[in-house]
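For reference, the structure is listed below as structure tokens.
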Amino acid sequence: MTAATLGLTTGTPSAARLADITLVESEEIGTVGVGEATVPHIRFFNQRLGIDEADFVRRTKATFKLGIEFCDWGRIGDSYIHPFGDFGHDIDGLPFHQHWLHATRGRPDETPALAACSLPIVAARAGRFTPPLDDPRSVGSTYSYAYQFDAGLYAAYLRDYAEARGVTRIEGRVEHVERGPSGIAALRLADGQRIEGDLFVDCSGFRALLIEGALKAGHQDWAHWLPCDAAWAVPTANTGPLVPYTRATARDAGWQWRIPLQHRTGNGLVFSTRFTDPERARAVLLDTLEGEVLAEPRMLRFRTGRRHRQWIDNCVAIGLSAGFLEPLESTSIHLIQLAIGKLIELFPNDAVLDPADAAEFNRAMALEYDRVRDFLVLHYCATERDDTPFWRHMRTMDLPPSLAVKIAAFRDRGIVEQYREGMFLPASWLAVYYGQRIMPERIHPLVAALPVADARARVAAVADACRRTAEGMPTHADYLARIGAAA
Amino acid sequence: MTATVAVLGANLCGWIAAAALARRLPRESYRVVVIDDGTSGDGLGDFAPVIAVPPALAGFHADLGLDAATLVRMTGGGHALGVAFGGWRADGAAAFLSYGETGAPLEGIAFHQLAGRLRAAGHPVRLADHALSAVAAQAGRFAPGAPIAHALHLPVVPYEALLRGAALRAGAERASADFVDAEIAANGIVERLTLADGTAVQPWLVLDCSGTDARIASRTSPASEDWSGWLPCDRTHAETVPAQGAPPPYTQVDAQDTGWTATWPLDGADVRLTCSVGGTGKPFRAARRVEAWRGNCVALGAAAGLLEPLHPTGLTLLLRSLAQLIQLWPAGPQAPVEAAAFNRTAAGALEGARDFLIAHYAVAGCAGALWDDRRAVSLPGPLAAKHDLFAARGRLPMYDNEPFEEEDWAVMFDAMGLMPRRYDARADIVPLAAIERHLAVQRARVIAQVRALPPYAQAMAALRARA
């Protein structure tokens, strides 16, 4: 994809849409069609577009996702799942995990693991899936879910959707960007076409043709905290039953993804060229694959960070042109869709650009990227691994101050900071803290004052409800078959 | 051994704190002891003999077994469906901010954005006409117990007595004598509180509810941030005047040359509070203690920060601080991690409330030197962003921990006369006729609901007869 322009029809916006939209795309420039894992927010995006879930799952070869399994992160041999859901429920207004900590006192072996108190974890481990219930009193309502699908097929699906609703697609390659009094005036294509617009959306990926190439937004580099800068991607044939979760396994100088789709498995190794070389990384990936290799591995390079400003004058950057964070927590599509939502909320409906709109877009998106960054860095710094130079760097590097404060508060007594904006809720932070062996030194004193037997009984009851509810769910494969998807 | 939680201030603020904590703390581990600071203040700024209690306190009251009807009947108080602002707009029109919801969204588009589309098409829309609380207030209709969000106007002395009773029933105690002095160790820990009868309390934690004097927090955590550059009113004067006829179920706040005057109607009397720059009355200053929690002393109420009572923010913030204190309940006298987390949230809440008040002045259309100055002052950054984005397109950036919601801000700016230059582009996707119908249906429903309510005076007479 080269660039998309949004050309506003001033005065008479049609009833069905906000603007006349022209998409400029070049077939010469390939897209990266790897298996893509997502987060639950994508369901709300699809719902807003009126997309039928079963149809979408069939056409994108999608599977359902209850969370991500992380292997070998805190220590080699460790495994935990970051679920899309809660651990238990608050008791007398105090967090469940504090009661769980209290219950483990003295007799940790007799207390169910915290993971046993999360229905999506229990269901994921059992290979089961069904959509959550609406009844808030039922444990069956305590989770959410996302999808794993073929990104190329989702792009095609959305292209059909957009073209059916009047978006014009122009084949061509942008050769020159014409500046205007307020940002960009037009795009000149290689074949001589000139595309004018009132608003330009830069979806040109890492090249950031408009936001950086023409408008020099500037880039904030996060390689110090997130040094991975390349990845190998390769599809394999499916082996064994389809699991309803993505897997991320820590490796010597990065980590490896495994994303199960209906027709194949997406795999990849994200690594840092500062700590290993591409050939070695390729070998590590190929050595650890489970199924038959279906294509030659392809290498991608990237640069972690974000633009200082993602909206300048009449140009809005969305996707990789705005910033990049490695796909460890499946945030890429979410950040795109969040930016689209923000752009619609702030859409300049009379073609008059107001600096307040850009200021709000830039504030909100910067905060979102920064908070995702902190959450990703947590996965790397919360480790006891010191077996390679990569892990020694990650374990001991200085942290963004916003993250250091959060970790200190949790380590001290299990405090999880809550914020108004930002996609990861307290349960996500808890999953990673506990999953990577950050244990609070103290528990909440008011929880500590309660009888341990009560805490044990409550934890046991929650774990029991999770186990029984999961047993009543269909297997992931059965559920897919039920909605007409091959599995 | 039990740890003593000493609450300094046997006043409204102190008894609320004592009641909230005594309910939550296990009695075998903690004693909650309330110590009179020897003053008659309420710990929340001492602005008037009546206090506006926002809807947010309903849950707290319910936990203590106090329902709104009982509170009003036992204290001789009243109800407020919102605040009518007189003389704040340049065009002289009245502005009403209700405690309830205003209108309803359509296809995910906020109500005030729908109104923006209609206005652009030439239809005048007053947001308050679509708020149940506002229409009921204007019609003078309301019944205690009706499911309409509302505040209460409660005389401070009997309200405090009811909360004192609830706190004592929940297990709080009263110290044997008034506070005299605190002994504070070199490391900042409050070790002893000496009392007038020669006895002493050894506090494990001190909650300083002694109002702006902050008798202990002013020593353990003296640094304070002065906000009078943004909120220059520094005198309040309250009087109670007899009133004839039925009291209206709302607060009236009229702009004055040097500030404003609020009227809180009670049965047979009005309490009038004038808040002004200079003039006569009790002095005060808008400010915030930089670290409300330091060592083993937590400042609450006016001891933590003070804002003029244009809206009932003091009680909202107190309740939030108490909820936060339970979440961060310390394990010992030194709790720097807990204190830092508490102070961060408390600062966000107080600054959010402050900005909401500053915004009234920044957009009001009143004539006069004070008001010209207020419009010219440069706003705190987050508020400037809110103002600019609302003026541009009726949206609001929202920040962590702020006590007012996006809709509160939109309704307030709109009521004060700040009109967005544009509305949400998505409102153009909905046919104009569908928006008109949506508003008409809503308005009809509001009117029907209000018709079903009795005149407020009649309902109050019935309430008093129940006694």
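The values are calculated or read from the model by the stated rules, or taken from the named source; none is laboratory data. Given the structure is predicted, the values throughout are model-derived calculations rather than measurements. Cβ atoms come from the backbone with ideal geometry, glycine included; neighbour counts cover every protein chain shown. Areas reflect the complete protein model, heavy atoms only, side chains present, ligands, DNA and RNA absent. Shrake-Rupley method; radii C 1.70, N 1.55, O 1.52, S 1.80 Å.
Within segment A:268-277, if we keep just the residues that are in contact (Cβ under 8 Å) with a residue 40 or more places away in the chain and open to solvent by 10 Å² or more (accessible area, probe 1.4 Å), the residue that is nearest to the chain's Cα centre (by Cα) turns out to be A:THR273. All of (1) at pLDDT 95 or above; (2) open to solvent by 20 Å² or more (accessible area, probe 1.4 Å) hold for B:MET74 with one exception: (1). Residues in segment B:380-392: is at least one touching a residue at least 60 places away in the same chain (Cβ under 8 Å) and within 14 Å of chain A (Cβ to nearest Cβ)? Looking for residues that are touching a residue at least 60 places away in the same chain (Cβ under 8 Å) and within 14 Å of chain A (Cβ to nearest Cβ), one finds none in segment B:380-392, hence no. The residue that is nearest to the other protein chains (Cβ to nearest Cβ), among those in segment B:309-336 that are farther than 27 Å from B:LEU154 by Cα and open to solvent by 40 Å² or more (accessible area, probe 1.4 Å), is B:ALA331. Among the residues here, A:VAL416 does not qualify as more than 24 Å from the chain's Cα centre (by Cα), within 13 Å of chain B (Cβ to nearest Cβ) and part of a loop (DSSP other than H, G, I, E, B). Do you know which residues across segment A:439-453 are within 14 Å of chain B (Cβ to nearest Cβ) and either over 26 Å from B:ALA323 (Cα atoms) or free of Cβ contacts under 8 Å to residues at least 40 places away in the same chain (or both)? A:GLU441, A:ARG442, A:PRO445, A:ALA449, A:PRO451 - these are the residues of segment A:439-453 that are within 14 Å of chain B (Cβ to nearest Cβ) and either over 26 Å from B:ALA323 (Cα atoms) or free of Cβ contacts under 8 Å to residues at least 40 places away in the same chain (or both). Does A:PHE347 qualify as being of a type in the set (Phe, Trp, Tyr), in contact with a helix residue (DSSP H, G or I) (Cβ under 9 Å, 6 or more places away or on another chain) and within 14 Å of another protein chain (Cβ to nearest Cβ)? Yes.
Looking at the structure I just gave you, is A:GLU326 more than 30 Å from A:ALA19 (Cβ to Cβ) and in contact (Cβ under 8 Å) with a residue 12 or more places away in the chain? Considered against the rule, which asks whether it is more than 30 Å from A:ALA19 (Cβ to Cβ) and in contact (Cβ under 8 Å) with a residue 12 or more places away in the chain, A:GLU326 comes out as yes.
Here B:LEU8, B:LEU21 are screened, and the one residue that is touching a residue at least 40 places away in the same chain (Cβ under 8 Å) and more than 14 Å from chain A (Cβ to nearest Cβ) is B:LEU8. When the helices (runs of 4 or more DSSP H) confined to segment A:437-487 are screened for residues that are β-branched (Val, Ile, Thr), those reaching at least 1 such residues are found at A:445-448, A:452-471. Taken as a whole, the condition of being farther than 16 Å from A:GLY127 by Cβ, surrounded by fewer than 20 Cβ atoms within 10 Å (Cβ to Cβ) and in contact (Cβ under 8 Å) with a residue 60 or more places away in the chain does not apply to A:THR236.
Among the residues making up segment A:356-376, those that are open to solvent by 30 Å² or more (accessible area, probe 1.4 Å) and more than 10 Å from every other protein chain (Cβ to nearest Cβ) are A:ASP370, A:ARG371. For segment A:454-487, taking the residues that are without any contact (Cβ under 8 Å) to a residue 60 or more places away in the chain and open to solvent by 70 Å² or more (accessible area, probe 1.4 Å), the one that is farthest from B:ARG31 (Cα to Cα) is identified as A:ARG482. Would you call B:GLY14 part of a helix (DSSP H, G or I), in contact with a strand residue (DSSP E or B) (Cβ under 6 Å, 6 or more places away or on another chain) and more than 14 Å from chain A (Cβ to nearest Cβ)? The answer is yes for B:GLY14. The single condition among (1) among the charged types (D, E, K, R); (2) modelled with pLDDT under 95; (3) surrounded by fewer than 20 Cβ atoms within 10 Å (Cβ to Cβ) that A:GLU178 does not satisfy is (2). If you go through segment B:414-440, how many residues are open to solvent by 40 Å² or more (accessible area, probe 1.4 Å), in a helix (DSSP H, G or I) and either in contact with a Lys or Arg (Cβ under 9 Å, 6 or more places away or on another chain) or within 12 Å of another protein chain (Cβ to nearest Cβ) (or both)? Counting residues in segment B:414-440 that are open to solvent by 40 Å² or more (accessible area, probe 1.4 Å), in a helix (DSSP H, G or I) and either in contact with a Lys or Arg (Cβ under 9 Å, 6 or more places away or on another chain) or within 12 Å of another protein chain (Cβ to nearest Cβ) (or both) gives 3.
Checked against (1) outside any loop (DSSP other than H, G, I, E, B); (2) more than 8 Å from chain B (Cβ to nearest Cβ); (3) more than 25 Å from A:THR331 (Cα to Cα), A:LYS406 passes all but a single condition, namely (3).
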